[in-house]
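Heads up: the structure comes next, in structure tokens.
The values are calculated or read from the model by the stated rules, or taken from the named source; none is laboratory data. Small disclaimer: the values here were computed from a predicted structure and weren't measured. Here the Cβ is made from the backbone with ideal geometry for all residues, glycine too, and neighbour counts use every protein chain on show. Side chains are part of the model used for accessible areas, which takes the heavy atoms of the whole protein and leaves out ligands, DNA and RNA. Shrake-Rupley method; radii C 1.70, N 1.55, O 1.52, S 1.80 Å.
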Amino acid sequence: MRAKIVAGNWKMNNDLEESKSLVKKVAKSIKKKSLNNTRVIVAPTFVSLDKVSKIAKETKVEVAAQNMHFEKNGAFTGEVSAEMLKSVGVKIVILGHSERREYFGETDALLAKKVDTALANKMEVIFCFGEVLEDRKSGKHFDVVESQIKNALFHLEAKAWKNIILAYEPVWAIGTGETASPEQAQEMHAFIRKIVAEKYTSEVAEDVSILYGGSVKPANAEEIFSKPDVDGGLIGGAALNKDDFKAIIDAI
Ligand code: PEP
């Protein structure tokens, strides 16, 4: 059975002390919970990964990186490799976030290489994709999402999908306070599961967790998570506040 997941993307927020403090608070808030099939993940900046990962090791919280380079090492100033992430105990990486695509020019082709490197290193990938507002307005959102998934993931073998988590994040809903309606999220998630089933098998499609991301807050989480193909959320702003993040975990 596919896992339910609440993942907090801290983006470029929280210095080391703030990160340590927040992961401790998140861990404390779920300490007594029986999480069953639910995973709680936080993604701090590179600077804090080592310490946060050490703290999280003793708790129910898992830790992800927000990005990674596809090469092992070398002259790539400012970059971090899969091996480096693993050396500090990090085995999950977010790839393809719309902010990486928009501000750092990450393309589907580049993301395909990063996905391959992460999987070759036995890491799990939280793969983000989603349409911009114009795509939705012009009715191209299904085509855009399909091509993003196809270009970066459909070269993978079926067995590789056990290490893939999908995150549908309509760009117009990220950090804007505007959320896709639960119906819009469900419609897209069902579409994604359908194209994965067509390319692979219904088993692969049924087993992959598909998260929704885009202004998820305590007030709307329960309704969005109640949809059958929404398996949790990738949370930005609300993940920075321990009470909001806890309320979102409660909602799932
Ligand atoms: C995100 O950046 O992945 C995100 C979903 O942000 P927010 O929740 O702030 O919209």
**Prompt:** If we keep just the residues of the range 105-126 that are in a helix (DSSP H, G or I) and small (Gly, Ala, Ser), which is surrounded by the fewest Cβ atoms within 10 Å (Cβ to Cβ)?
**Reply:** Ala109
**Asked** In the range 147-181, which residues are touching a Phe, Trp or Tyr at 6+ places or on another chain (Cβ under 8 Å), under 30 Å from Asn121 (Cα atoms) and open to solvent by 30 Å² or more (accessible area, probe 1.4 Å)?
**Response** Ala158
**Asked** Which residues, taken from the range 133-146, are crowded, with 16+ Cβ neighbours inside 10 Å, closer than 14 Å to Val171 by Cβ and of a type in the set (A, V, I, L, M, F, W, C)?
**Response** Val144, Val145
**Request:** Could you tell me whether Lys32 is at pLDDT below 95 and either farther than 29 Å from Tyr168 by Cβ or under 18 Å from the mean Cα position of the chain (by Cα) (or both)?
**Result:** yes
**Request:** Answer yes or no as to whether Val88 is farther than 16 Å from Val125 by Cα, modelled with pLDDT of 95 or more and touching a Leu at 6+ places or on another chain (Cβ under 9 Å).
**Result:** yes
**Message:** Tell me which helices (runs of 4 or more DSSP H) are completely within the range 176-242 and hold 1 or more residues being within 13 Å of the ligand (Cβ to nearest atom), or say none if there are none.
**Reply:** 182-199, 218-225
**Prompt:** Within the range 219-230, is even one residue among the aliphatic types (A, V, I, L, M) and either within 16 Å of Cys128 (Cβ to Cβ) or in contact (Cβ under 8 Å) with a residue 60 or more places away in the chain (or both)?
**Reply:** yes
**Message:** Restricting to the range 127-140, name every residue that is assigned to a loop (DSSP other than H, G, I, E, B) and touching a Phe, Trp or Tyr at 6+ places or on another chain (Cβ under 9 Å).
**Reply:** Gly130, Glu131, Val132
**Item:** Filter result (part of a helix (DSSP H, G or I) and modelled with pLDDT under 95) within the range 145-175
**Value:** Val171, Trp172, Ala173
**Request:** Determine the pairs where a residue that is more than 15 Å from Arg2 (Cα to Cα), located within the range 153-166, has a partner that is open to solvent by less than 10 Å² (accessible area, probe 1.4 Å) with Cβ atoms under 7 Å apart, the partner being 6 or more residues away or on another chain.
**Result:** Leu153/Val115; Leu153/Phe127; Leu153/Ile164
